[in-house]
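Structure, as structure tokens:
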Amino acid sequence: MPDTSPRPATQFIASRDVAQEICKEACEHIHTLSAPRILVLAILGGAFITMGALFSILLSTGVETHGIQLLLQGLGFSVGFFLVILTGAALFTEANVILPVSALHCSRTDMLRRGLKFWVLAWIGNLIGTALTGWVVSLAQVYSPEHQELLSSVVAKKMHYQQVGGAQGWFSLVLSGMLGNWMVGMAAFLAVMGRTIIDKFIPIFLAVSLFVAGNFQHSPANMAYFSMIMPTGEGPGWWDAMRWNIIPAGIGNLLGGSLLVALPLWYGLRPSRCE
């Protein structure tokens with residue numbers, strides 16, 4: 001006799017359907033959110049990322065074993081990204097994946113113009129959110145010298161490219177930004193596949209921990225670390241941080257989200273177009 005028992009529900013959304021889900025959500029956001037609402041969501045995204053960066057330092061301060069320290073930093077930072085995903089806050093590097101996917105799949109003729117507005121406002125809002133949150137935290141809390149030492153060490157790694165200097169420094173930084181948004185983009189992609197809170201968090205934690213351990217550059221994350229160290233009177237200063245990290249890393253993030261996530265997955269999976 002044929003088996004008539006009902007099949008168990010799938011535990012995750014198939015990868016070929018994820019782009020369709022992303023497209024529907026992005027089309028809705030881009031065509032319904034006003035500029036002020038996008039800016040507020042982006043400021044909120046920057047604030048969450050800053051709290052994740054703070055958590056990453058707090059969790060790993062005083063840990064001697066290098067690998068465990070990096071794992072704890074990844075866990076702490078993934079919490080900030082998880083808050084962004086769950087609340088629907090806007091993140092510049094997430095938009096670097098969502099917007100190209102939407103442009104490739106959606107038939108909206110004004111997607112490019114509206115998408116560009118969303119992208120610019122997300123970057124500006126993330127910067128405002130990280131700067132404000134870092135400043136407020138510096139007023140509200142005093143942390144140990146060990147905490148400040150670790151934060152300085154993390155920021156120094158972000159600014160390593162300034163020591164390299166010139167076109168080589170920028171080229172390496174852009175490449176690192178591409179790798180960073182590859183991992184963050186995959187975290188966003190895999191989070192859509194999950195059907196439960198835990199299903200969403202696990203791939204976010206794994207992908208984000210990999211990018212943190214590899215010291216790949218992520219523009220909003222670096223904004224967050226800079227925003228925490230600048231009020232202390234240490235750090236490189238915002239001008240050098242912009243020139244030698246945030247801007248070139250952001251360019252790499254844009255290229256990475258488009259070329260390493262959106263384009264190959266679109267070509268390989270080819271989901272149906274959304275209306």
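The values are calculated or read from the model by the stated rules, or taken from the named source; none is laboratory data. Remember, it's a predicted structure, so these values are computed and weren't measured experimentally. As a convention, Cβ positions derive from the backbone with ideal geometry for all residues, glycine included, and neighbour counts pool all protein chains shown. We work out accessible area using only protein heavy atoms, side chains counted, and drop any ligands, DNA or RNA first. Shrake-Rupley method; radii C 1.70, N 1.55, O 1.52, S 1.80 Å.
What pairs come out if I take residues in segment 232-243 that are on the phi > 0 side of the Ramachandran plot and pair them with residues that are open to solvent by less than 40 Å² (accessible area, probe 1.4 Å) and outside any helix (DSSP H, G or I) whose C-beta lies under 9 Å away, six or more apart or interchain?
Close Cβ pairs satisfying both conditions: Gly235/Met159.
At least 1 residues that are within 25 Å of Val63 (Cα to Cα) in each: list the helices (runs of 4 or more DSSP H) lying fully within segment 133-244 that qualify.
Filter on segment 133-244 gives 145-158, 160-164, 166-193, 197-213, 219-229.
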